[in-house]
Each structure stands twice: as structure tokens, then as C-alpha cells.
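Engineer: What follows is a structure written as C-alpha cells; I'll ask about it next.
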Amino acid sequence: MPDSTVIGLHHEEEHRPDLLHHFAEPQQQRDAASLGMWVFLATEIMFFGGLFCAYLVYRRWYFGDFAAASKSIDATLGATNTAVLICSSLTVVLAVWAAQTARRTLLLGSLAITMLLGLTFLGIKGIEYKDKFEEHHVPGASFSFNNVPIPGHPGQYADPRHAQLFFSLYFVMTGLHALHMIIGLGIFLWLFTMAWKGRFTPDYHTPVEIGGLYWHFVDIVWIYLFPLLYLIDRHP
Amino acid sequence: MSEPAKSEHAQSSPLKMYFSIWIALLVCTYITYKAAFIELGQFNAAVALGIATLKATLVALFFMHVWHASEKLTKLVVIAALFFLLLLLGLTMTDYATRPWS
């Protein structure tokens, strides 16, 4: 704790508009903010956890049908998107570091590239969805998944009803993830305008740090979605 | 480790670390992708999920700064969240995996 008196603290407060009066120092304020963000991310883990749990139960029950359905998705697009998100995570840590060390150009550049990579991810996702719509693999009245062989079981064909379950989980999980990406893009657009106005300093860059935590979390969700949805049983 | 040395520490070494983690994550992604096309039987899923967990751990520890977090409570929140996730997945799967009628 600082040795200054209460009156001294009030004086200090006037000089540091970014330090709220109930925090002793900027470091404590940043720690409190990131702790709060981690508590929110814990709720997000449970939010996605329910879907992962449903996925695991049905994958165990209908493994062959899930493998056949998984094989119809373009794994190269999925792998490319994984690489795109990993690169965006790098630009996010660079942005946080730039804010910490007051490097304006690097901060603005990293935030801009992060948004570009986020848009690239959504674009590739859009191509993937378009393919699924054209192949009638979207659950609903026009769903069709007939005579698709089960990998590793010659002469056996996937049950379209079970394949439809896979595609329901696929669209809900990747759709929810894409929604998080869109929200993340909004957050980063806001961070970019704040950085443009010069609002972030080595003492106050909490929004960059918090927004970064969110972006990394969305990356981690995708790190699990990629092998679970795209790579169930690929080998010939 | 060294909390007060953060400002001088932040000059060069974190960048090297960030780029090494980035390379490691890309290499892991490539291995996952390639391994999926090799016949490994039961181990295909184990390899895929093992590498995914390694990647997620790298992102959380080094990109999300859990490893060097100055606030100890952050680690508690992360561990608590993982504990409840494993409780959810573990108890559900032990139930479904041990039902002889399904």
C-alpha cells in the first residue's frame, strides 16, 4: 500500500485520470480488470463446454456416421483457418506489448492486421458454409446425405439422420464461434479508434489487454473445434 | 519469478518468446493436419486432442500471460474453470460409457 495519506491520494487522483480512486496503483487496477475478464472467460468455457459435451456423447454413439459427415467438410480450409487464427493471436500479443511500451505505429498496425485476419477467417468460413448449402448438408427440409460410405467399413452407409445430428452440432458450434469472432472484430475496431486517439499509455492499456484475452480465448475454442469437427476419421 | 523486472524485461525477450510460441503453434497445426491422414486406429483421436491441448496450453500460459500473471487469483480462476469443465465432461462420459444397454 502507498504511504500517502487519504488526502494525498485525492491529490494524486486529480493528476491520474485513468486511475480509479479505489485502486492504489495502475498495476493493481490492471490485475483486477484481467481477473474479472478471466471470471467471464470461465463462464464462456462452461458455455462452450455444454456443446462439446453433447458432441462427445453423439460422436461416441454414432461414430461411423460422424466420421462420414466429417469427411465431407474441407479439412484444408479448416487447417488454413487454424493458421489464420494463430497468426492473429500473434498480432494480438504484439498489440498488447506495443501498448505497454508506447509504440503507436506497432499498436495501430497490429490491431489492423488482427482485424484483417479475423475477416479472412470469416471469409473462409463463408466459403465452407456455401459449400455445405450447395451440397444440401444444412439440417432442415432439404437435407440430403444418402449413400455416403462410412470410412473403414466397406459396404456400409451413413444414416442421414445421424449425419444430420453431426451437421447440427457443426453449424451451432462453428456458428457460435463465428459470432464470437464478429463480436471480437467489433471490440478491435473500438480498440483501434481508441488507439488512434492516443488513449492508451503504458500505465493505462487495460482495454487492449482485456480485448486480447477475449481474442485468445476464441482462438483456443477453434483449436479444439478444428480436430473435433474436421479430422474425425480422415485416413483413406 | 521476477515481477518488478517486468519493464526492463519487456524490451526484448517477450518478443522472442512470442515468435517462438507462434512458430510452435503453426508446427503443431501442421502435425495435427498430417497425422489425421495416417491410420493410427484409436490413437488418431488421442493425437489430435493431445496436440490441441498442448496448443491451448501454450496460448493460455504465454499469450494470455497466465504463466507470468502478477495476480495469483488468475491461476485459481483458470484451474477452477478447467476443473468444472472436466467434471462436466468426465461425469457425463463415465455415465454414457458404462451403460450396457446403449
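The values are calculated or read from the model by the stated rules, or taken from the named source; none is laboratory data. These figures come from a predicted structure and were not determined experimentally. Don't worry about glycine lacking a Cβ; one is built from the backbone with ideal geometry, like all the others, and counts go over all protein chains shown. The accessibility values were calculated without ligands, DNA or RNA, using every heavy atom of the protein model including side chains. Shrake-Rupley method; radii C 1.70, N 1.55, O 1.52, S 1.80 Å.
Engineer: Alpha carbon centre of the range A:138-191 versus the range A:95-119: separation in Å?
Structural biologist: 33 Å
Engineer: Once you put a point 7 Å from the Cα of B:THR53 and another 7 Å from the Cα of A:HIS22, both along the Cβ direction, what distance in nm separates them?
Structural biologist: 3.9 nm
Engineer: Just subtract the alpha-carbon distance of A:ARG60 and A:ASP203 from 0.36 nm times their residue separation and send over the number in nm, one decimal.
Structural biologist: Working: separation 143, 0.36 × 143 = 51.48 nm, distance 5.04 nm.
Here the answer is 46.4 nm.
Engineer: Still on this structure, I have one more. About the Cα centre of the protein assembly as shown, how large is the charge dipole given +1 on each Lys and Arg Cβ and -1 on each Asp and Glu Cβ? Please answer in debye to the nearest 20.
Structural biologist: In debye, rounded to 20, the protein assembly as shown gives about 640.
Engineer: Residues of the range A:138-180 with amide nitrogen under 20 Å from the 7 Å Cα-to-Cβ point of A:THR43?
Structural biologist: Counting backbone N atoms under 20 Å from the label point, the list is A:176-180.
Engineer: What does the extension gain come out to for A:SER144 and A:LEU116, with contour length at 0.36 nm per residue minus their alpha carbon separation?
Structural biologist: So the extension gain works out to 6.6 nm.
Engineer: So, one more: Let me check I've understood the local charge: for B:ILE31, count other residues with C-beta under 15 angstrom from its C-beta, Lys and Arg +1, Asp and Glu -1. What total comes out? Please list the in-between numbers first.
Structural biologist: On the way: positive: A:ARG234, B:LYS34, B:LYS55; negative: none.
Taking every Cβ under 15 Å from that of B:ILE31, the sum is +3.
Engineer: Hey, rough spin-label estimate for A:LEU176 and B:LEU82, points 7 angstrom out along Cα→Cβ, what's it come to in nanometres?
Structural biologist: So the two model labels end up 2.1 nm from each other.
Engineer: Turning to a different aspect of this structure: With helices defined as uninterrupted DSSP H runs, which ones in chain A have an alpha carbon span along their own long axis of at least 30 Å and mean Kyte-Doolittle hydropathy of at least 1.0?
Structural biologist: Sorted by number, the helices that extend far enough and score high enough are A:75-100, A:160-196.
Engineer: Do you know which residues of the range A:38-75 lose at least 40 square angstrom of accessible area in the protein assembly compared with their chain on its own, with a 1.4 angstrom probe?
Structural biologist: A:TRP38, A:ILE45, A:MET46, A:CYS53, A:LEU56, A:VAL57, A:ARG60, A:TRP61
Engineer: What's the tally of Lys pairs in the protein assembly as shown whose alpha-carbon atoms lie under 19 angstrom apart, where the two lysines are 8 or more places apart or on different chains?
Structural biologist: 10
Engineer: For every helix of n ≥ 4 consecutive DSSP H residues, a contribution of -39,500 (n - 2.57) applies; sum these over the protein assembly as shown, divide by its total residues, and give [θ] at 222 nm rounded to the nearest 500 deg cm²/dmol.
Structural biologist: For the protein assembly as shown, the value works out to -24500 deg cm²/dmol.
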